[in-house]
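Only one structure is covered here, and it is reproduced in the block below.
Bear in mind that the values in this text are calculations on the coordinates, not laboratory data. These numbers were taken from a predicted model, which means no experiment stands behind them. No Cβ is skipped: glycine too gets one built from the backbone with ideal geometry, and neighbour counts run over all protein chains shown.
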Amino acid sequence: MSQLAKRKNWLINEIKWSDASGTHLEDKPTDIREIIETNLAKGAVDLLGNPIRKYLEHTLKDICANLEVKVSFRMNELNEKRMPDELLNELKSKINKSSKELQAQMPIIDRIINSNILGNLLSHDNRFSPKLGDLKAFWADLNAMEKLFYCQDAACKKPVLVKHYDTVKKRIRCGCDKTNYDWK
Ligand SMILES: [Zn+2]
């Protein structure tokens with residue numbers, strides 16, 4: 001039931017029970033995307049830093065793996081914080097080498113790289129105090145980037161994979177071939 005409702009953009013809360021609070025709704029939606037969208041809607045800027053950073057990292061790691069973007073592996077905590085920045089730049093150089101059609105979409109990726117939100121998310125001190133409008137714009141850009149690399153057809157929703165390289169057409173594609181790009 002909840003999976004169906006989520007597809008209609010309903011916000012799902014489970015009714016929980018505990019000794020302390022009796023019957024209650026869970027404080028936070030479980031899905032990280034829902035957390036972000038709920039907090040954006042509420043204007044809860046201080047609750048957005050961590051989930052947006054996690055979402056960005058996860059999405060970038062996934063896109064880079066799907067496009068076989070090579071990145072150097074690093075161990076320590078500080079370098080982990082630098083990860084999104086590095087992944088974005090490696091992704092960019094891979095696109096520049098491989099695809100004219102994706103190159104044409106580069107302004108989306110450049111907006112993320114140049115956003116002061118990215119700097120804020122990755123900064124070493126933990127104060128996170130961006131403007132709500134900037135956060136909304138950043139989230140819109142993240143969604144736009146995602147749309148490039150994941151098929152938007154409801155029956156597919158699959159990522160564009162280098163694994164699906166068509167050696168005759170010289171193109172990469174999603175699961176259903178509605179989303180595809182030139183690639184070399
Ligand atoms: Zn598709």
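As a calculated quantity, the FRET efficiency between A44 and A137 at R0 = 25 Å, using C-beta atoms, amounts to about 0.90.
Simple spin-label estimate for D177 and S129 gives 5.5 nm between the two label positions (7 Å along the Cα-to-Cβ direction from each Cα).
Remark: V71, V160, V168 ranked as V168, V71, V160, counting other beta-carbon atoms within 10 Å and listing the fewest first. Farthest towards the positive end of the charge dipole of the stretch 29-149, among the residues I36, N66, A104, is the Cα of A104, using unit charges on the Cβ of Lys, Arg, Asp and Glu. In this rough spin-label picture, where each label sits 7 Å from Cα along the Cβ direction, the M106-E68 distance is 2.2 nm.
If I histogram all Cα-Cα distances within the stretch 29-149 using bins 10 Å wide from 0, what percent of pairs lands in each bin? In whole percents, the pair-distance histogram is 12, 46, 33, 9, 0.
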